[in-house]
1. Name the pairs: first residue in the range 162-180 and under 15 Å from E93 (Cβ atoms), second residue part of a loop (DSSP other than H, G, I, E, B) and among the polar types (S, T, N, Q), Cβ to Cβ under 9 Å, at least 6 apart or on different chains?
2. Considering only residues that are small (G, A, S) and without any contact (Cβ under 8 Å) to a residue 12 or more places away in the chain, look in the range 16-69 and name the one that is surrounded by the most Cβ atoms within 10 Å (Cβ to Cβ).
3. Could you list, in sequence order, the residues of the range 74-107 that are not hydroxyl-bearing (S, T, Y) and not in a helix (DSSP H, G or I)?
4. Of everything in the range 200-225 that's assigned to a loop (DSSP other than H, G, I, E, B) and surrounded by fewer than 18 Cβ atoms within 10 Å (Cβ to Cβ), which residue is modelled with the lowest pLDDT?
5. Which of the residues belonging to the range 85-112 are closer than 12 Å to S191 by Cβ, in contact with a Leu (Cβ under 9 Å, 6 or more places away or on another chain) and among the small types (G, A, S)?
6. Can you pull out every residue in the range 49-72 that is over 18 Å from the mean Cα position of the chain (by Cα) and either at pLDDT 90 or above or in a strand (DSSP E or B) (or both)?
Amino acid sequence: MADIVEITRLGLHDQVAARLRTMLVEGLIQPGAKLNERELCEKLGVSRTPLREAIKLLAAEGLVDLLPNRGAIAVKLTEDDVINTFELLATLEGMAGELAAERITDAELSELRALQYEMMACYARRDLSGYYRINARIHAAINNSARNPVLTNTYRAINARVQSLRFRTNQNEAKWAEAVREHEQMVEALSRRDAPAMRQLLMQHLRRKRDAVLELLRAGEIYPLSAKA
């Protein structure tokens, strides 16, 4: 888990948003939980003004819901939400992978290989937090290499709401190992500029994530009783 440290004044609400984003993704703030402003101000060492600006930013990203008379609530998806969201994400990531295979530059491919190397180092250390952050950068790099800003912006907006769920699927050792193998196959497909293979790999990757999330959700392992309404 990322350490929560006192934040400097520079780019304050962006830094607060970054810390809150990590807390939400990694489950330090549970899905369905109310964001307690007093506690968060104390933990982050900031006043309420930058905290509230950060919360608005995360609400725009889809990580929190702003509810009348309840304040900010960490997003909590239903089973139908998960199915519908991952269905669309699989299509978006598949398209991004296909376009990336056609458009990625040698320099971008080299950078992606470097990220893959860093991610594998985190995997070897079983550093789930570090692994997930680099994993997210790899998926973002693939999207950026597609060179379709409408696709990229749509993907970011939808993916934000399931980041914490994607993070939790790798807490299962077998599923984590499977995800690692799929990422290795993605790099190989990009290196071959194999667009159909990239589309298939990414869609398969997202469908397996969906199935893993649904399995955890149905087993009651994602939302503890304390986080339920």
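1. If the second residue must be part of a loop (DSSP other than H, G, I, E, B) and among the polar types (S, T, N, Q), the pairs left are A179/N170.
2. A18
3. A74, V75, K76, L77, I104
4. Checking each candidate, the answer is P224.
5. Selection gives A100, A101.
6. Those that are over 18 Å from the mean Cα position of the chain (by Cα) and either at pLDDT 90 or above or in a strand (DSSP E or B) (or both): T49, P50, L51, R52, E53, K56, L66, L67, G71, A72.
Residues are listed down the side, and each one gets a yes or a no for (1) β-branched (V, I, T); (2) under 18 Å from the mean Cα position of the chain (by Cα):
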position	(1), (2)
Y123	no, yes
I142	yes, yes
P149	no, no
Q163	no, yes
R207	no, yes
R218	no, no
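Residues are listed down the side, and each one gets a yes or a no for (1) farther than 30 Å from D194 by Cα; (2) of a type in the set (K, R):
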position: L12; (1), (2): yes, no
position: E39; (1), (2): yes, no
position: A59; (1), (2): yes, no
position: D65; (1), (2): yes, no
position: R70; (1), (2): yes, yes
position: E79; (1), (2): yes, no
position: A101; (1), (2): no, no
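The values are calculated or read from the model by the stated rules, or taken from the named source; none is laboratory data. All figures in this text were calculated on a predicted structure; none of them were measured in a lab. Positions of Cβ are generated from backbone atoms using ideal geometry, with glycine treated the same way; all protein chains shown enter the neighbour counts.
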